[in-house]
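Worksheet: one structure, shown below.
The values are calculated or read from the model by the stated rules, or taken from the named source; none is laboratory data. This one's a predicted model, so the numbers in the text were calculated from it and none came from an experiment. In this analysis, Cβ positions are derived from the backbone assuming ideal geometry, glycine residues included, and neighbour counts consider all displayed protein chains. Keep in mind that these areas ignore ligands, DNA and RNA; they rest on the heavy atoms of the full protein, side chains included. Shrake-Rupley method; radii C 1.70, N 1.55, O 1.52, S 1.80 Å.
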Amino acid sequence: MRFRPWLLPVHASGRALCLGALLGVAAGSSPAHAGEPDMAGRIAGGLRQRVDIAGEPAQTFDIGQRLRRYQVSSVSLAVIGDSKIVWAGVYRQPSAPATDTDTDTLYQAASISKGVTGALAQRLARSNKLQLDVPVDACLQPWTLPAGQQSPGHPVTLRNLLNHSAGATVSGFPGYPPSQAIPTDLQVIKGEPPSLTPAVAIQTIPGAAYAYSGGGYTIAQVAMQQCLHTPFAELMRQQVLQPLGMRRSTFAQPLPAAEHNRAHGHYADGSEVEGGAFVYPELAAAGLWTTASDLARFAIAVQQSWKTGTAFLSATEARDLLTPALNNYAQGLFVVGDGEHKRFMHAGGNTGFKSTYAMYLDSGNGVVVMTDGDNGSYLGGEIVKAVASAYGWPDFKPRLAHTAPLDLATATRHLGIYQLDRFEGRFANRYELRFDGKDWTMVMPDIGATRLVPTGKTRLVSPETGDIIELAQDGAQDLLLIGGRKAHRSPDS
């Protein structure tokens, strides 16, 4: 066990354990085997980066190191084995308030909400209160979906809204500080003030292409509550959260003022988000507040329904929910792999919160990781790799990269400051490629300096982020491709 002084593991009861103590097994869960607490220690000390370099020893990190590295205040996780919650706990930096770091603490799940929305749609379709494959227009009245690329032969349906093939625009949402005016869901769709995003349009023929669209999910949200004459958050409570025993979860946006046991989101530099968390009226796309254990209960219910059928979803309904359309996307869930590799998963990112989960369909093994920091996606990926390694899962191993010489003349010509052509970060759009005569580094807006390893004449890789950096040209101008995204030289370079 390698707990460090800045690391406080927390038992499900909310009591902080003594430093160096084993992480407690969550109340009401069943350990997969007698050595489970030791497995928790292995995971806490076994975080892995996205890329291993051939010929170098594989690096592992302590979770406390990585909380500090990424300026994440706390992380809550739940490990699932054989369709049961094996253990759950919270790790935090000492600066995190103790009241905000037990396993009942609420985190924003962001786009993970989409899979819960897909399950709700299946439940409502079962009762014939709505249909997945008919034009959605009837459920939107008195509002009418504006004319776009839809037609009688290619209508917008709940199904293609949920699998991102409806042609809808607006990929995601920035959220609203609680001190600002909050738009209604219909104002969001219409792009009317005080909405900060443009109107949702049907830009391509429904069914023709995949385009990730939180805007499409917001249309689905309005359709469900209009057809059922019930607010969306209440539909979720009745149909999903209550039946699954997700007692701490809610789609209330904003959270009631009396709810104090919630995590506070943090920007990439570690500063706290205004008001602790932004408000997201786009509930179906991004509105869920939940815990790692509650999300594990949802994942288990879907997996068990797929395998044998349950009162929550029949096997037929679960298999429909998990049938991928374009880009391996089903109804709110990515579904990939075959046989022992087959799994469903999703990540989520609201302002100040980043989370991820994965669930194997055959074995019933899985993991949920929720963080209260904008850099939490890096941390979450490393934790998932640690869990996969500890339990011998068939996936999530770091990629292996081989070093190769750079064309030094080309590489040194590309040194300097760059800006992404498309940038949505809160801080400066500034990427700097550096070389000190020995080591290559990329300084990024969120996590600062990250090591780069040459893997070809014009290619480097970041073991930490997994990004491949390509040295390219745009006519006579130097260009970087950073993880496939174009970055041109900054005027101040």
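Looking at the structure I just gave you, is ALA472 assigned to a strand (DSSP E or B), among the aliphatic types (A, V, I, L, M) and farther than 17 Å from ALA409 by Cα?
Taking the combined requirement at face value, the residue does not satisfy it.
Going by what's in this entry, would ARG343 be described as under 30 Å from ARG92 (Cβ atoms) and of a type in the set (Lys, Arg)?
yes
Write out, first by first residue and then by second, each pair whose Cβ atoms fall under 9 Å of each other, whose residues are 6+ apart or on separate chains, and whose first residue, in region 424-448, is among the β-branched types (Val, Ile, Thr) while the second is part of a loop (DSSP other than H, G, I, E, B) and at pLDDT 95 or above.
Final answer for the pair search is VAL443/ARG430; ILE447/GLN71; ILE447/ALA268; ILE447/ASN375; ILE447/GLU464; ILE447/THR465.
Select from region 334-360 the residues that are under 15 Å from ALA296 (Cβ atoms), touching a Phe, Trp or Tyr at 6+ places or on another chain (Cβ under 8 Å) and either without any contact (Cβ under 8 Å) to a residue 60 or more places away in the chain or of a type in the set (Ser, Thr, Tyr) (or both) and list them in ascending order.
ARG343, MET345, SER355, ALA358, TYR360
What are the residues in region 91-119 that are open to solvent by less than 10 Å² (accessible area, probe 1.4 Å), modelled with pLDDT of 90 or more and of a type in the set (S, T, N, Q), if any?
Hits for region 91-119 are THR105, GLN108, SER113, THR117.
Among the residues of region 417-447, write down those that are open to solvent by 70 Å² or more (accessible area, probe 1.4 Å) and touching a strand residue (DSSP E or B) at 6+ places or on another chain (Cβ under 8 Å).
Result: GLN419, ASP421, ARG422, ARG430, ARG434, ASP439.
Which residue out of GLY276, GLY309 is at pLDDT 95 or above and surrounded by fewer than 16 Cβ atoms within 10 Å (Cβ to Cβ)?
On inspection, the qualifying residue turns out to be GLY309.
Check off (1) part of a helix (DSSP H, G or I); (2) out of contact with any Pro (no Cβ under 9 Å at 6 or more places or on another chain) for GLN225 and give me the number that stays unchecked.
In the conditions (1) part of a helix (DSSP H, G or I); (2) out of contact with any Pro (no Cβ under 9 Å at 6 or more places or on another chain), GLN225 misses (2) alone.
If I filter region 316-336 down to residues being among the aliphatic types (A, V, I, L, M) and either open to solvent by 30 Å² or more (accessible area, probe 1.4 Å) or modelled with pLDDT under 95 (or both), which single residue comes out as farthest from ALA284 (Cα to Cα)?
VAL336
With the condition kept exactly as written, say whether any residue in region 203-214 is touching a residue at least 60 places away in the same chain (Cβ under 8 Å) and in a helix (DSSP H, G or I).
yes
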